[in-house]
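The values are calculated or read from the model by the stated rules, or taken from the named source; none is laboratory data. What you see is a predicted model, and the numbers here were worked out from it, not measured in a lab. When we count neighbours, we look across all protein chains shown, and the Cβ atoms used for this are built from the backbone with ideal geometry, even at glycine. Note: areas computed on protein heavy atoms with side chains; ligands, DNA, RNA excluded. Shrake-Rupley method; radii C 1.70, N 1.55, O 1.52, S 1.80 Å.
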Amino acid sequence: MKIGITCYPTYGGSGAMATELGIALSRRGHEIHFITYRQPFRLPAFLPRVFFHEVDVGRYPLFEYPPYDLALAVRMHEVVLAHQLDLLHCHYAIPHATSAWIAKEMLAQQQSDIKVLTTLHGTDITIVGQDPSFHPITKFSIEKSDGLTAVSRFLQQETVSAFGCTGCRIEVIPNFVDPTVYDRARYPGSRGAFGDGRPVLMHISNFRPVKRVVDIVRTFALVTAERPSLLVMVGDGPDRILAEQEARRLNVQDQVMFLGKIESVAPLLASADLYLLPTDRESFGLSALEALASGTPVIGANVGGLPEVVQDGVTGALCAVGDVDGMAAAALDILRDRERWNAMSRAAAADARRRYALNDVVAHYERFYTEALG
Ligand code: GMT
């Protein structure tokens, strides 16, 4: 098949997933065309059967807000025609599914019946899409898609309840991991990467408010007071400064490292003892899945799709949002008992492989495409 993929190219789960999916599909013989405003961050420079089409938003002084959605629609239209694509797969509804609908309408004039498939990832439904200024267009774009997938059952249900979407069929196709990459055994040297054998707690994100990174520092401060540990914070974003301030306020700054953005996180995850994700809302929690696959138990919040990914008490522990004491207690319980940690680590790696292995999920997408092409 010839597939156009549009996603946010920046640091984040939906862009990571879309890119990994495109790469995996290209290895299975499909031709993949990424259409977005920058090279996706997980896309290496060259891969056979993979092409990147940059969307250039012309700057005209009249445009205080350059119309990216329109520029994207035009580029989609052009790439579909030039490469005879079979379908456009949009990751994140806004504005990608809207632009794809415009492109599809334009293409109809050229007798092209391109199929538009949309994968809902999270805040496109739970936050942005429910903002009154976006709700009607999100609903419209979802209903106009020829096929819809959501990354968790939670997000599937949330979409139905927020948008009604009568008659919409939303298939749950979860995110996935490559078990050969997220594999603790593959990085034997990384265990000691942070020094002196103290337990390493880790978090990776775009440091947006929804991630509650200040809670991570507070949880860590309680843990390290009882069991001296290290906290490794990977990524960057608006709340990083708040987390740094909190570390200083709690006088744990010497035990907290802020590494900034790192593209290849598998070796890091293999060096961690626990992964923290105390998020406000999470439709799936891709980084949690990558941690589990790496044999790193997850301490997180019992919200959204996270309980589908993390099995409370088996592959990690889930607490109420904001329950810093509960998360610290859960972390200490696991760290105190090496046998328990070993069992959880093994269960985490096995469960991630059983339910979210790359080959199985990519094959699911292929079936979904075939069905959509009908
Ligand atoms: O929705 C967002 O704010 C960002 C999006 C992203 O691009 O990282 O994250 C969402 O998609 C990920 C990939 O499917 C999921 O793992 C995240 O749980 C989801 N984020 C939220 O629901 C907050």
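For the reader, a short list of remarks on this structure follows.
- Amide H partners (placed H, <5 Å) of residue 316, local residues excluded: 298, 311
- Heavy atoms of residue 144 accessible to a 1.4 Å probe, total area in Å² rounded to 10: 100
- In whole angstrom, segment 284-374 maps to an equivalent ellipsoid with semi-axes of 30, 16, 7, each derived as √(5λ) from the alpha carbon gyration tensor and ordered largest first.
- The count of lysine pairs in the chain whose Cα atoms are under 19 Å apart, excluding pairs fewer than 8 places apart on the same chain, comes to 8.
- Given a 1.4 Å probe and the protein chains as shown, residue 241 ends up with an accessible area of around 100 Å².
- With contacts taken as Cα pairs under 8 Å at a separation of at least 6 residues, the chain carries a relative contact order of 14 percent.
- Simple Cβ-charge dipole of the chain, Lys/Arg +1 and Asp/Glu -1, about Cα centre, in debye nearest 20: 600
- Vicinal HN-Hα couplings computed from phi for segment 358-368 (Karplus, 6.51 cos²θ - 1.76 cosθ + 1.60; Hz; Gly/Pro x): 3, 4, 5, 6, 5, 5, 4, 4, 4, 5, 5
- Per-residue [θ]222 nm for the chain (sum of -39500 (n - 2.57) over DSSP H runs n ≥ 4, rounded to 500): -13000 deg cm²/dmol
- Stokes-Einstein, applied to the Kirkwood radius of segment 185-273 over Cα pairs at a viscosity of 1.567 mPa s and 4 °C, places its translational diffusion at 98 µm² s⁻¹.
- Solvent-accessible surface (1.4 angstrom probe) belonging to residue 281, in square angstrom, nearest 10: 110
- On a per residue basis, the convex hull of the C-alpha atoms belonging to segment 1-73 measures out at 87 Å³.
- Residue-wise HN-Hα couplings along segment 218-233, as the Karplus relation 6.51 cos²θ - 1.76 cosθ + 1.60 with θ = phi - 60° gives them from phi, are 5, 4, 4, 4, 5, 5, 5, 5, 9, 9, x, 9, 10, 10, 10, 10 Hz; Gly and Pro carry x.
- The chain - Rg over Rh from alpha carbon coordinates, Kirkwood radius: 0.99
- Fraction in percent of alpha-carbon pairs per bin - 10 Å, segment 184-356: 11, 44, 39, 6, 0
- Reducing segment 34-106 and segment 132-196 to their Cα centroids gives an inter-centroid distance of 20 Å.
- The fraction of accessible area contributed by carbon and sulfur in the chain is 52 percent, rounded to a whole number (1.4 Å probe; ligands and nucleic acids excluded).
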